[in-house]
Structures are given as C-alpha cells and as structure tokens.
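Here the structure is laid out as structure tokens; the discussion comes afterwards.
Just so it is clear, none of the values below were taken in a lab; they were calculated from the coordinates. All figures in this text were calculated on a predicted structure; none of them were measured in a lab. Positions of Cβ are backbone-derived with ideal geometry, glycine not excepted, and every protein chain shown enters the neighbour counts.
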Amino acid sequence: EGWRAVVADGESMLPKDVYVAMNRFSVVEGNHAAFEQRFANRKSILTDFDGFRGFMLLRRDGAKKAGDGGEPDDGFTHSTFSVWDNKACFEAWRDSEKPAPAADKTAGEGGSPVGPPAGRPNIFARPPDATFYEGILALESAKGV
C-alpha cells in the first residue's frame with residue numbers, strides 16, 4: 001500500500017488516475033440540516049454505474065469567519081465530490097440523470113438539488129458552482145475514498 005512509483009520528467013503531464021466532479025453550495029443560514037438531510041434521505045444510484053468510486057458530502061469548517069485576516073469568505077457552506085474512473089463514466093451517469101423536457105428541474109449538475117420541490121422554501125443563496133478535475137496521484141485505502 002502507499003504511493004506508487006510515477007515517472008515524472010518535468011515536462012510531460014502525469015497520467016490521469018480518476019475524474020472528480022465537485023459542486024459547491026451556498027446554503028442559507030439556518031437551513032444546513034435540511035440541506036444535509038436531502039442527501040442523507042434520498043436513494044442514490046451512483047453505485048449502479050460503472051466506474052463510480054466514491055462520494056463525499058462536506059460541510060465547511062465553521063472556524064473560518066469573515067474578516068479574520070485570512071482569505072475572504074466566499075459564501076460556500078458545503079461541497080460534494082463524486083469520484084469516477086474517468087470522464088466517460090461520469091458522463092454516462094450524468095446523462096442518465098437528465099430529466100425529460102417536461103420534468104421538474106430540481107436537480108443540478110451532478111444530481112445536486114438546486115431548487116425547492118413544490119411547497120418547500122428555497123434553501124440556497126445562489127445556484128451551485130460545478131467544477132471538474134482530472135485526478136492525478138489518487139491514493140485510496142482498501143475501504144475506498
């Protein structure tokens with residue numbers, strides 16, 4: 001176990017190990033538990049797809065405060081990461097999640113909830129911010145991500 005030997009010549013880019021889809025969310029104060037429960041209570045089909053390696057829902061460390069001398073607070077309170085073998089595996093899952101044209105649009109990039117279902121208040125200060133990464137030097141334990 002541990003890092004594998006990787007040949008790096010200082011000129012060529014390292015090969016890709018994984019593909020990572022990240023969404024950052026700005027949840028309105030007082031709605032963090034409701035947001036987290038949306039993920040905890042819904043049935044996930046991610047493990048049904050080839051190439052899926054792991055998922056994480058992260059809550060930002062509350063120690064960072066606006067005006068504390070560090071980087072300015074960007075307002076993002078939560079992030080999600082889904083890790084895939086490659087971009088094609090992620091896109092196969094994402095394409096399966098696209099709603100029919102007449103369907104309710106309550107899911108954003110990566111299946112993330114972006115708008116309130118009928119009868120629920122909007123808990124988001126702004127839409128999620130999606131970012132995608134080619135993972136290099138991925139290290140996983142036997143238990144996964």
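Details
- Peptides 81-89, 7-15, 52-60, ordered by how many other C-beta atoms sit within 10 Å of their residues on average, highest first, read 81-89, 52-60, 7-15.
- Theoretical gain in end-to-end length, Ile136 to Ala92 [0.36 nm per residue, Cα-Cα removed]: 13.7 nm
- Amide N of region 72-93 lying under 13 Å from the label point, which is placed 7 angstrom from the Cα of Ile45 along Cα→Cβ: 92-93
- ³J(HN,Hα), Karplus 6.51/-1.76/1.60, whole Hz, each residue of region 87-99, x for Gly, Pro: 5, 4, 5, 4, 5, 4, 5, 4, 5, 6, 8, 5, x
- Additional length obtainable on full extension of the chain from Asp85 to Ala34, 0.36 nm per residue less Cα span: 15.3 nm
- Peptides 21-30, 128-137 ranked from most to least packed give 21-30, 128-137, packing being the mean of other C-beta atoms within 10 angstrom over each peptide's residues.
- Database remark: amide H of Gly135 closer than 5 angstrom to the amide H of Asp17, Val18, Tyr19, Val20 (H placed geometrically; neighbours at sequence offset of 5 or more, or on other chains; Pro and chain starts carry no H).
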